[in-house]
2 protein chains.
Amino acid sequence: MSVSVVAFSGGVGGAKLASGLSRVLEPGKLLVAANTGDDFSHMGLHISPDIDSIFYAVTDLNNTETGWGRTGETWNFMAALKGFGGEDWFNLGDSDLAMHVLRTHWLQQGQSLSEVTQNFCQALNVPFNLAPMSNDPVTTMIDTDKGTLPMQDYFVREHCEPVAKKFSYKDANEASANSDILSALSGDDLQTIVLCPSNPYLSIDPILAVPGIVEALKATDVPVIAVSPIVGGLALKGPLGKIMGELGLEPSSLSIAKHYGDLLDVLVIDEGDAHEAEAIEALGSQVCIAPTIMKTIDDQRALANVVLAITKK
Amino acid sequence: MSVSVVAFSGGVGGAKLASGLSRVLEPGKLLVAANTGDDFSHMGLHISPDIDSIFYAVTDLNNTETGWGRTGETWNFMAALKGFGGEDWFNLGDSDLAMHVLRTHWLQQGQSLSEVTQNFCQALNVPFNLAPMSNDPVTTMIDTDKGTLPMQDYFVREHCEPVAKKFSYKDANEASANSDILSALSGDDLQTIVLCPSNPYLSIDPILAVPGIVEALKATDVPVIAVSPIVGGLALKGPLGKIMGELGLEPSSLSIAKHYGDLLDVLVIDEGDAHEAEAIEALGSQVCIAPTIMKTIDDQRALANVVLAITKK
């Protein structure tokens, strides 16, 4: 199978476009490079929130009501856990647990995170390669007014309330990039690299922090296309708008373009933000204006097709 | 707290009497020594089936329909697990999982199985000491016509269908008996030792196989009272009748008396087996005749009171 599209994705927001791409591309043509900077060990279980979100999104298992977790989820494990005085700040659904228990078990048996992820994909016939950015542990750390917090403490336990000052990616320098990702990025069949509309600081930058990834992006001739996660001055999901404000940045697609800098060839921005196009182009990136809000699977497919139609000028 | 009653128990059958004892004795007076020969690691989770059964029985969490597991249990974890091609021969309920995940987590953090078990008891206000027979791993092994099987393979995976020939307790010789059990057995306040109506081969003998336990039973002056798990020539629960047949033994309370031999001071047999009393007494044990079938909590209490009223002649 020869990969023509590599998509970098975090959880919910990015997963929607990854899902769209998976639905319009032929089997084997897509590789989704997933952020694992959110991964953490919880009660001995290895949790990979972004991989799970992508997996659930592409298999239609995602819970569209909560925006995370599995559809039709039940919570009897959590209720029993609370009864035993267990940690209850991170919700684990009964069905969702199967993934965490199996992943942990397989990792303990010596499989890599890539192999484990492939097992899940094969079991549910996911027709593309879902590749963790690295098999080595990398943890997104957030310097805040409450001290330096690992991602899940910041995101789930503290509900993103602390003021974010700086982001870093612990152990990224020592991590090896997933060889499937590096191969795809240098492959002859590569046509497009997509930075999904995920949070740049929390979801895309951790992937870029792994040695070799940025170099591969710079070395390739194919367009690097980001879809802006900001629409109308607001993040569609999650704490991105709040974070940009705390960093002294205007929450806008222009700020996203500045953030990715010369890594970026094309920025896809929402129709409502067309007025930003000129300023973004002045930075040296092409702009593609399209509806970027994905409420339905059809929206996902439509945006995926927009992205795939882009060629570098 | 000074223990006056030590009860040796396996899962379901024994747990009912342990439950009865817990309901009639003052807090702190009871110590239940639980079989851990069934314990095993399943998908990286440490499962202690008999401890769980006892725990659920004394807290009224037990599922009276299935006879095992928790009441009101749901099975969404298992359904998801099957979807991923995970092992599905051992059923893990969604609520039940909380105990397995927490136990495994606490053990990995360095707590002993005793400490872990005490955590659970404290969380749900269990008013007595539920003590694993040992903190060291001991595994009940069954020599069968299909080879030598560890307990859960024999019991759950093979549904007890292989013909049992011999029982052994792997690593029992190297295991240290739980110090709480040894202390209670040599304590000044001890009044009664109860072998609950559990399967002798699969539930009581593993406890007796741990060095120091039999010696403690022989050294004490208090009555060792077994409640026969056989009523009317049939085991009330589980494979005991089948196993006794395969070992060339008649399934009867007399055979139970012979099995425990001179360890036994008193055997409690069911009213329907009164005709066996003379033969049992001829072996040197006292006999107490009482209703031994426990269908309700009141039955459990009544049998517990019968046992506690017994004194050595």
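Structural remarks
- Inter-copy separations for A:GLY85, label at 7 Å along Cα-Cβ, nm, ascending: 4.2
- Relative to the other identical copies, B:THR66 shows label-point distances of 2.2 nm, where the label point lies 7 Å from Cα along the Cβ direction and values run shortest first.
- Long-range amide H partners of B:ASN63 with built H, under 5 Å: B:TRP68, B:GLY69, B:ARG70, B:THR71
- The overall shape of segment A:215-313, judged from the alpha-carbon gyration tensor, is oblate: a/c is not under 1.5, and a/b is no greater than b/c.
- Gained length - B:LYS218 relative to B:LYS146, 0.36 nm times residue gap less alpha-carbon distance: 22.3 nm
- Placing a label point 7 Å from Cα along the Cα-to-Cβ axis, A:GLY284 is separated from the same position in the other copies by 9.6 nm, shortest listed first.
- Volume per residue that the Cα convex hull of segment A:29-161 spans, once the total is divided by residue count, Å³: 123 Å³
- Based on Cα contacts under 8 Å between residues 6+ apart, segment A:82-213 shows a relative contact order of 22 percent.
- Every Cα-Cα pair in segment A:1-99 was counted, and those over 25 Å apart are 25% of them.
- Identity and axial distance of the chain B residue whose Cβ lies nearest the axis relating B to A, Å: B:ASP94, 2
- Förster radius 60 Å - calculated FRET efficiency between B:LEU263 and A:GLN109 (Cβ-Cβ, nearest 0.05): 0.90
- Close amide H pairs (under 5 Å, H built 1.01 Å from N) link A:ALA7 with A:LEU31, A:VAL32, A:ALA33, A:VAL194, residues at least 5 positions away or on another chain.
- Sites count as exposed loop sites when they are GluC sites (Glu not before Pro), lie in a DSSP loop, and have at most 14 other Cβ atoms within 10 angstrom; the longest stretch of chain A without one is A:175-313.
- Too-long pairs where the Cα-Cα distance tops 23 Å, listed order kept, from A:LYS165/A:LYS237; A:LYS165/A:LYS242; A:LYS166/A:LYS258; B:LYS82/B:LYS237: B:LYS82/B:LYS237
- Length-normalised contact order for segment B:139-266 - Cα pairs under 8 Å, 6+ apart - percent: 22 percent
- Segment A:135-203 versus segment A:55-117: alpha-carbon centroid distance in Å: 20 Å
- Size of the protein assembly as shown as Cα extents on the principal axes (Å, biggest first): 103, 50, 39
- Taking amide H positions as modeled 1.01 Å from N, with prolines and chain starts lacking one, the residues under 5 Å from A:LEU149 and 5 or more places away or on another chain are A:ILE142, A:ASP143, A:THR144.
- Percent of alpha-carbon pairs separated by more than 25 Å within chain B: 46 percent
- Electrostatic bookkeeping for A:SER252 treats Lys and Arg as +1 and Asp and Glu as -1; over the other residues with beta carbon under 10 Å from its beta carbon, the sum is -2.
Values quoted throughout were computed directly from the atomic coordinates according to the rules given, and no laboratory measurement underlies them. Bear in mind that the values here come from a model prediction, so they are computed numbers and not experimental data. Because the Cβ atoms are built from the backbone with ideal geometry, glycine has one as well, and the counts that use them run over all protein chains shown.
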